[in-house]
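The values are calculated or read from the model by the stated rules, or taken from the named source; none is laboratory data. Everything numeric here is computed off the predicted structure, so don't read it as measured data. When we count neighbours, we look across all protein chains shown, and the Cβ atoms used for this are built from the backbone with ideal geometry, even at glycine. Side chains included, ligands, DNA and RNA excluded: accessible areas come from the protein's heavy atoms. Shrake-Rupley method; radii C 1.70, N 1.55, O 1.52, S 1.80 Å.
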Amino acid sequence: MRVAFLSLGCKVNQYEADACAALFRERGAEIGAFDEKCDVYVVNTCSVTNIGDRKSRQMLRRAKRLNPDALVVATGCYAQTARDEVEAIPEVDLVVGTALRHRICDFVEAALRGEKPDTQVDIMREREFEELNTEGSEERCRAYIKIEDGCDNFCSYCIIPYARGPVRSRPMENILSEAARLAAKGYREVVLTGIHVASYGKDLKNGQGLIDVIENVAKTDGLERIRISSIDPRAFTPDFIARAAACAKLCRHFHISLQSGSASVLKRMNRKYSPEQYLDALARIRAAMPDGSVTTDIICGFPGETEEEYAETLAFAETAEFANIHVFPYSERRGTVAADMEQLPHKLREERAARLSEAAAVLKAKFEAGHIGDSVKVLFEKTENGFAEGLSENYIRIFVPERIDLTGEIRSVRITEKRDGRVYGELI
């Protein structure tokens with residue numbers, strides 16, 4: 001049996017797709033490319049925006065066109081939140097949401113026999129973390145470890161709590177076991193990821209939290225760098241910052257979700273912090289780790305956002321001096337509180353997103369230029385066209401003239417210049 005996977009959306013989705021592929025390999029299946037003729041196509045869907053929904057539908061239909069006789073499987077967030085809608089797509093043969101992926105091989109084999117396996121789950125009642133393990137990715141230098149699932153925040157614009165259910169934390173021993181396996185395979189860096197990683201441990205009775213995971217994973221022999229995926233600003237307590245600063249393996253880069261720089265918009269979004277609290281966290285992080293960088297997400301055109309509120313966000317971005325901003329025009333999600341609010345025209349949302357993107361590009365260029373002359377450690381991801389390419393600890397993508405393949409190596413680099421939108425350096 002030849003099985004192909006396509007994962008849309010976040011790194012959690014990619015981790016889960018890789019883990020499901022590993023399960024099929026254990027059953028003796030061959031993993032093929034999605035654009036090849038295969039017997040089974042698994043599309044791990046995304047539903048964070050309307051575009052995610054649409055792309056998911058397109059890829060499910062495309063799979064059937066690649067092989068009309070193949071079994072097409074929809075899994076992931078869109079399959080969970082809009083199951084009836086996904087099942088109604090003629091090209092879809094099997095739907096598995098955001099639970100029971102550890103049984104996906106059984107479900108596929110049953111479907112191939114003409115059976116209709118029961119794959120429905122009330123995700124809001126799930127209380128146990130679903131164990132899945134990856135074999136890593138093709139990068140051979142960086143791997144993801146999922147440590148948590150679910151979110152209890154219910155931001156007014158977000159469908160993900162309904163797609164993923166409540167917070168479920170992975171047992172520490174299982175996290176460490178996977179970290180050790182990945183290190184033994186040669187991975188130098190791991191990214192701790194989840195739906196809301198800052199919530200790690202809130203469902204546990206042992207008092208452990210995210211910083212405990214970081215400190216324990218840092219003890220893994222062979223691992224040299226640890227990153228954490230998108231994190232809530234409220235995670236940065238004085239204790240967290242002090243212990244993070246003391247962890248030499250933790251990369252000095254934090255992606256801290258903002259979403260808006262306006263207090264009134266944040267309140268309508270049901271975010272649990274104010275702009276002032278966010279800036280306070282930034283100041284404390286930078287005082288403890290001055291060599292670090294902070295990137296963020298911002299939504300433009302949230303329902304009711306006035307020009308004054310939008311201007312507050314622009315001003316906040318300037319004040320915060322972000323190293324990079326992921327900018328999104330607001331997207332209505334059916335079933336969320338914000339979907340019933342008064343919506344702004346799509347054109348206005350796009351215009352505001354474009355203006356913020358221009359400001360973000362200036363901030364990124366300023367951040368990168370400020371590091372010219374610095375010596376940094378770079379984990380190289382690939383070497384091609386005469387350049388080795390990789391990321392510094394503080395998340396600057398650097399190109400070094402080099403014909404020897406440095407993939408997977410961590411080397412000291414001096415940043416020399418920024419030219420034509422790229423940052424260049426030289427090996428020390």
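Counting only heavy atoms of protein chains, what accessible area per residue, in Å², does region 288-428 have with a probe of 1.4 Å?
Per-residue value: 50 Å².
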For peptides 272-278, 311-317, sequence by mean Cβ density within 10 Å, most packed first: 311-317, 272-278
Cut-off 18 Å, label 7 Å out along Cα→Cβ of Arg243, residues of region 211-229 by amide N: 211-220, 226-229
Computed Rg/Rh of region 318-428, alpha carbon atoms with Kirkwood Rh: 1.16
Label-point separation, His102 to Thr407 (7 Å along Cα→Cβ), nm: 3.3 nm
Tally of Lys pairs whose C-alpha atoms are under 20 Å apart, taken over region 168-289, 8 or more apart or cross-chain: 4
Solvent-accessible area per residue, Å², over region 111-210 with all protein chains present [probe radius 1.4 Å]: 45 Å²
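Could you work out the relative contact order of the chain? I mean the mean sequence separation of Cα pairs under 8 Å and 6+ apart, divided by the number of residues, in percent.
Details: 873 pairs, mean separation 42.9, N = 428.
Relative contact order comes out at 10 percent.
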Bins of 10 Å from zero: percent of alpha-carbon pairs in the chain: 4, 20, 29, 29, 16, 3, 0
Set of aspartates and glutamates near Lys377 by C-alpha distance (under 17 Å), chain-local residues within fewer than 8 positions excluded: Glu189, Glu224, Asp291, Glu368, Glu389, Glu393, Glu402, Asp405, Glu409, Glu417, Glu426
Separation in nanometres of the label points that stand 7 Å from Cα toward Cβ, at Asp69 and Ser375: 6.3 nm
Calculated log₁₀ intensity ratio I(q)/I(0) where the Debye formula runs over C-alpha points of region 214-301, q = 0.15, 0.16 Å⁻¹: -0.59, -0.66
Per residue, the convex hull volume that the Cα atoms of region 30-176 enclose (Å³): 137 Å³
Highest-first arrangement of 186-199, 83-96, where packing means the average Cβ count within 10 Å: 186-199, 83-96
Cysteines without a disulfide-compatible neighbour (Cβ-Cβ under 4.7 Å), the chain: Cys10, Cys20, Cys38, Cys46, Cys77, Cys105, Cys141, Cys151, Cys247, Cys251, Cys300
Between region 230-293 and region 393-421, the Cα center-to-center distance that results, in Å: 27 Å
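Just the number, please: carbon plus sulfur as a percent of the accessible area of the chain, 1.4 Å probe, no ligands or DNA/RNA counted.
Details: 9190 of 18810 Å².
On the chain, the fraction of accessible area on carbon and sulfur atoms equals 49 percent.
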Binned Cα-Cα distances of region 313-382, short to long, each 10 Å bin given as a whole percent: 16, 32, 28, 15, 8, 0
For region 114-273: rounded, prolate or oblate by the Cα gyration tensor [a/c cutoff 1.5]: oblate
